[in-house]
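Here's the structure, in structure tokens; my notes come after.
The values are calculated or read from the model by the stated rules, or taken from the named source; none is laboratory data. The structure displayed is predicted, hence computed values, not measured ones. Note that each Cβ is placed from the backbone with ideal geometry, even for glycine, and that neighbours are counted across all protein chains shown.
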Amino acid sequence: MIKTKPFVSIVAPAYNEALVIRENLNLVCQYMESLEDRYSWELIVVNDGSTDETGKIAEECACKRDNVRILHHFTNFNVGQSLKYAFNSCKGDYIVVMDMDLSYSPEHIGRLLDTITLKKAKIVVASPYMKGGKTANVPLLRQFLSKTANKFLSYTSKGGLSTFTGMVRAYDRQFLKSLSLRSTDVSINAEIIYKAMLLRARILEIPAILDWNPKKDPDFKRKSSIRIRRSIMAYLLSGFVFRPFIFFIFPGFVFLFLAAFSFFWVLVHTVHQLSNLQISTGSFWIRLSAAVAMAFQQAPHTFIIGGISLMLSIQLVSLGILSLQSKKNFEELFHLGTEVYKLNGKGKILN
């Protein structure tokens with residue numbers, strides 16, 4: 001029997017990359033040609049509504065190669081929509097996503113493919129934040145935000161991964177098709193990991209080098225297309241999806257502690273007033289009621305803070321319980337959906 005080579009789809013979203021796209025496309029193609037003894041391949045570039053000559057230059061490059069295709073968005077739909085558009089057009093057994101600016105060098109493609117094929121993983125992530133990885137020429141603010149976001153998502157997911165937000169990855173295409181992706185922005189990367197974890201898929205990382213200025217050009221100034229505020233909100237939402245209790249139940253218990261502390265002082269003030277009360281007649285409950293009224297006059301803030309904190313605690317804990325139940329229901333439906341997908345013969349998920 002003749003053993004066929006695995007077919008690989010390289011996906012590269014591009015937005016206003018006219019200055020580098022011709023050279024970078026040639027570099028990727030040259031590198032993939034060096035792997036043709038092991039892999040067949042195609043390159044899919046998504047021109048995501050660029051306002052410069054990105055689309056035109058990409059088409060000029062593609063017309064010289066049969067295995068290079070250019071997909072166009074007439075407006076900028078963001079990276080998530082670009083990736084889904086490309087994924088639906090991929091024909092490979094494996095999909096490798098790259099940045100068109102080659103902030104991750106083309107050599108990462110071979111390492112990702114070697115890992116996913118040899119170790120039978122469903123996803124392999126190029127990670128600059130794991131041991132052996134590093135970053136270079138990344139602005140301090142951007143680097144701080146990226147590291148913080150990845151640590152936050154790593155904590156909320158309990159998945160042990162060091163990089164959730166990175167786009168440079170290798171995927172098993174049939175497995176990726178089964179995930180039914182919905183995100184249209186940068187949160188798509190976290191969504192893929194989250195859904196893969198629900199299915200207990202094998203996810204691996206390899207050390208990677210993220211270099212925003214690989215050519216060491218002293219005049220280089222990169223403007224990221226990722227909007228910081230939108231990205232922060234997207235990652236917070238992803239963290240909520242992973243572990244909703246940290247947004248509701250944990251703050252609820254903090255307010256519960258504050259309420260207990262306040263009511264402790266309410267009790268202290270009430271006992272103090274009760275011991276000093278001059279009224280000796282009447283039942284204990286009448287004297288207790290008078291002591292409480294006097295304690296309120298002495299320290300009304302303890303009653304107010306305790307009452308508000310208790311109400312907030314009850315509401316937050318209730319919302320946390322509801323969110324956990326909703327998460328559990330989603331997981332059950334997601335598992336059911338993937339099983340139906342397999343039974344219908346539209347996809348194949350290997351254990």
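If I ask for residues that are buried (at least 22 other Cβ atoms within 10 Å of the Cβ) and either modelled with pLDDT under 95 or of a type in the set (A, V, I, L, M) (or both), which ones from region 1-12 would you list?
Residues satisfying the conditions are 8, 10, 11, 12.
What single numbered condition from (1) surrounded by fewer than 14 Cβ atoms within 10 Å (Cβ to Cβ); (2) more than 30 Å from residue 244 (Cα to Cα); (3) modelled with pLDDT of 90 or more fails to hold for residue 266?
(1)
With the requirement that a residue be among the hydrophobic types (A, V, I, L, M, F, W, C) and assigned to a loop (DSSP other than H, G, I, E, B), what does region 109-128 give you?
Going through region 109-128, the residues among the hydrophobic types (A, V, I, L, M, F, W, C) turn out to be 109, 112-113, 116, 118, 121, 123-126.
Correct list: 121 only.
For residue 43, work out the one condition from (1) modelled with pLDDT under 95; (2) within 28 Å of the chain's Cα centre (by Cα) it doesn't fulfil.
Tallying (1) modelled with pLDDT under 95; (2) within 28 Å of the chain's Cα centre (by Cα), residue 43 fails exactly one: (1).
If residue 9 meets every condition in (1) under 16 Å from residue 170 (Cα atoms); (2) touching a Pro at 6+ places or on another chain (Cβ under 8 Å) apart from one, which number is that one?
Just one mismatch for residue 9, condition (2).
Got at least one residue in region 154-169 being modelled with pLDDT of 95 or more and touching a helix residue (DSSP H, G or I) at 6+ places or on another chain (Cβ under 9 Å)?
Looking for residues that are modelled with pLDDT of 95 or more and touching a helix residue (DSSP H, G or I) at 6+ places or on another chain (Cβ under 9 Å), one finds at least one in region 154-169, hence yes.
How about region 224-263: which of its residues are part of a helix (DSSP H, G or I), under 30 Å from residue 193 (Cβ atoms) and modelled with pLDDT of 70 or more?
Within region 224-263, 244, 246, 249, 250, 251, 252, 253, 254 meet the criteria.
Select, from 71, 25, 118, 102, the only residue that is touching a residue at least 12 places away in the same chain (Cβ under 8 Å), more than 26 Å from residue 211 (Cα to Cα) and of a type in the set (A, V, I, L, M).
Of 71, 25, 118, 102, the one residue that is touching a residue at least 12 places away in the same chain (Cβ under 8 Å), more than 26 Å from residue 211 (Cα to Cα) and of a type in the set (A, V, I, L, M) is 71.
Kindly evaluate residue 141 against the criterion of being over 16 Å from residue 80 (Cβ atoms), modelled with pLDDT under 90 and not in a loop (DSSP other than H, G, I, E, B).
Judged against the criteria, residue 141 is a match.
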